[in-house]
Amino acid sequence: MITPAFLAIVVFLSLSGVLSPGPLFLASILRAAKSGTVAGIECAVGHTIVDFPIFVGLAIGLASFFSPSILKIVAITGGLVLA
């Protein structure tokens with residue numbers, strides 16, 4: 001079940017992604033320069049739309065559907081991307 005606390009976490013994490021330096025931050029700045037303050041809200045909503053299914057998948061335990069070897073590959077790949 002998706003609780004209000006879970007939704008608050010989703011919104012907070014999505015906003016942190018929008019506000020942290022990176023491609024989405026740059027896109028927000030460029031859109032805001034052209035479209036005004038509404039562009040920031042549009043970027044945040046777009047980011048939430050993309051992230052929400054990921055958070056829901058995590059909440060319902062989507063990882064339990066994958067074998068340990070696949071999870072290990074995903075973990076190593078993610079670690080290499082972040083390094």
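The values are calculated or read from the model by the stated rules, or taken from the named source; none is laboratory data. These numbers come from a predicted model, not from an experiment. Because the Cβ atoms are built from the backbone with ideal geometry, glycine has one as well, and the counts that use them run over all protein chains shown.
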Query raised in the report: Given the conditions (1) modelled with pLDDT under 80; (2) touching an Asp or Glu at 6+ places or on another chain (Cβ under 9 Å), and given that residue 31 satisfies all but one, which numbered condition is not satisfied?
Result: (1)
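Residues checked against (1) assigned to a helix (DSSP H, G or I); (2) of a type in the set (Ser, Thr, Tyr); (3) modelled with pLDDT of 80 or more; (4) surrounded by 12 or more Cβ atoms within 10 Å (Cβ to Cβ):
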| site | (1), (2), (3), (4) |
| --- | --- |
| 5 | yes, no, yes, no |
| 10 | yes, no, no, yes |
| 16 | yes, yes, no, no |
| 63 | yes, no, no, yes |
| 80 | yes, no, yes, no |
Query raised in the report: Give me the pairs: first residue in region 25-54 and surrounded by 11 or more Cβ atoms within 10 Å (Cβ to Cβ), second residue among the aromatic types (Phe, Trp, Tyr) and assigned to a helix (DSSP H, G or I), beta-carbon distance under 9 Å, and six or more apart or on different chains, which are they?
Result: 43/25
